[in-house]
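Working notes, structure below.
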Amino acid sequence: MNEIAEKYAAQNIGSIFLYTHEAHPGENYPHLTSMAQKFRHARDLRDVLGVTRPILVDALDGACHRAYGSMPNMTWILARSGLIVYKSDWTDARSVENAIQYFSQIPGRRRAGERLAPFHVERLDFRNQERKQFYECLERNGPKAVDEFRKAFPGG
């Protein structure tokens, strides 16, 4: 996602990362109990995983996360007007870039005289399941995170 954010920044398309909480807390990154702890976790996310986009930190009670659907890895794209133009319950760089490319063409199409009207679409996208990377992140959180995930999702 960093590459996509950098690629489209010149077109005035912004990107942020909203840090909500650890989806799989463990000994190293436990359940959040304070904003100071939450800010430390967000800084580590930036430093360890190399997130280069601005990181916003949700309230301790997760108010923003709940308002936007509560899924662990969502992506939303909003137009400058605040209109939601893309919502995905999982972040997939290919899907996000496809949406950015599509929506960044709209102003040019309008300037060319097309009379465009919005409509709602649902589609099923597919993402790579990067199990090795996923388990590396679980291990970073601690053995408890790995054990709990394996118990909840045997064979996962």
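Computed from the coordinates by the stated procedures, all read-outs in this text should not be read as laboratory data. Small disclaimer: the values here were computed from a predicted structure and weren't measured. Positions of Cβ are generated from backbone atoms using ideal geometry, with glycine treated the same way; all protein chains shown enter the neighbour counts.
Please go through the stretch 95-156 and write out the trypsin sites (Lys or Arg not before Pro) that DSSP classes as loop and that have at most 16 other C-beta atoms within 10 Å.
Qualifying residues, ordered by number: Arg115, Arg123, Arg127.
Can you give the FRET efficiency for Phe103 and Tyr68, using 1/(1 + (r/R0)^6), R0 = 22 Å, r = Cβ-Cβ distance, to the nearest 0.05?
0.75
Report the residue, chosen from Leu83, Leu49, Leu32, that carries the largest GNM mean-square fluctuation when the chain is represented by alpha-carbon nodes joined by springs under 10 Å.
Leu83
Given H placed on each backbone N at 1.01 Å, which residues far from Val85 in sequence or on other chains put an amide H within less than 5 Å of it?
Those qualifying (amide H under 5 Å, at least 5 residues apart or on another chain) are Ile77, Leu78, Ala79.
With the crude spin-label approximation of a point 7 Å out along Cα→Cβ, what separation in nm comes out for Val48 versus Ala93?
Each label point is offset 7 Å from its Cα along the Cβ direction, giving 2.0 nm.
With springs connecting C-alpha atoms under 10 Å apart, model the chain as a Gaussian network and identify which of Gly113, Gly14, Gly69 has the largest mean-square fluctuation.
Top of the fluctuation ranking is Gly113.
If you keep only loop residues by DSSP, which chymotrypsin sites (Phe, Trp or Tyr not before Pro) in the stretch 94-136 have at most 14 other Cβ atoms within 10 Å of their Cβ?
Counting only loop positions with at most 14 other Cβ atoms within 10 Å, the chymotrypsin sites (Phe, Trp or Tyr not before Pro) in the stretch 94-136 are Phe119, Phe126.
Helix-derived [θ] at 222 nm for the chain: sum -39500 (n - 2.57) over DSSP H runs of at least 4, divide by residue count, nearest 500?
Only helices count here, giving -12500 deg cm²/dmol.
Compute the length gained on full extension between Val85 and Ile16: take 0.36 nm times their separation in residues and subtract their Cα-Cα distance, giving the result in nm to one decimal.
Extra length from Val85 to Ile16 when fully extended: 23.2 nm.
Between (1) 33, 18, 15; (2) 23, 21, 17; (3) 23, 16, 15, which matches semi-axes √(5λ) of the Cα gyration tensor in Å calculated for the structure shown?
(1)
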